[in-house]
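In what follows, a single structure is set out as structure tokens and then discussed.
Every read-out reported here was derived from the displayed coordinates using simple, explicitly stated rules and does not represent laboratory data. Please read these numbers as outputs of a predicted model, since none were measured by experiment. Cβ coordinates were reconstructed from backbone atoms using ideal geometry, including for glycine residues, and neighbour counts include every protein chain displayed.
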Amino acid sequence: MQKPDISEFFTIKQCAIGSLLLSEEQRNKINYVLKLSNEEVQTATIMRVLNDWGFPVKRTTLGEHRRGTCCCEE
């Protein structure tokens with residue numbers, strides 16, 4: 001009997017923010033702004049810019065990434 005392919009059970013979950021396919025310029029900008037406090041640049045503003053770039057994201061996902069509580073490996 002041949003064993004079934006169960007590789008999907010071992011796939012590492014990737015952070016939705018960290019895995020966005022951004023240009024180098026966009027990645028530099030977003031990495032910089034994510035290090036700023038919410039008082040300096042609000043999460044809603046970052047969401048708007050990402051949406052304008054064609055990357056709609058959820059507030060909770062972005063918030064987790066900003067706090068460092070996501071599954072991102074960065």
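Residues of region 24-54 that are under 14 Å from residue 68 (Cα atoms) and over 15 Å from the mean Cα position of the chain (by Cα): 36, 37, 38.
Taking the conditions (1) under 19 Å from residue 71 (Cβ atoms); (2) surrounded by 12 or more Cβ atoms within 10 Å (Cβ to Cβ); (3) aliphatic (A, V, I, L, M) in turn, residue 21 satisfies each one other than (2).
A Cβ distance below 6 Å, combined with a sequence gap of six or more or placement on separate chains, defines the contacts here; from region 50-74, residues that are closer than 14 Å to residue 20 by Cα reach residues that are in a loop (DSSP other than H, G, I, E, B) and charged (D, E, K, R) in the pairs 71/13.
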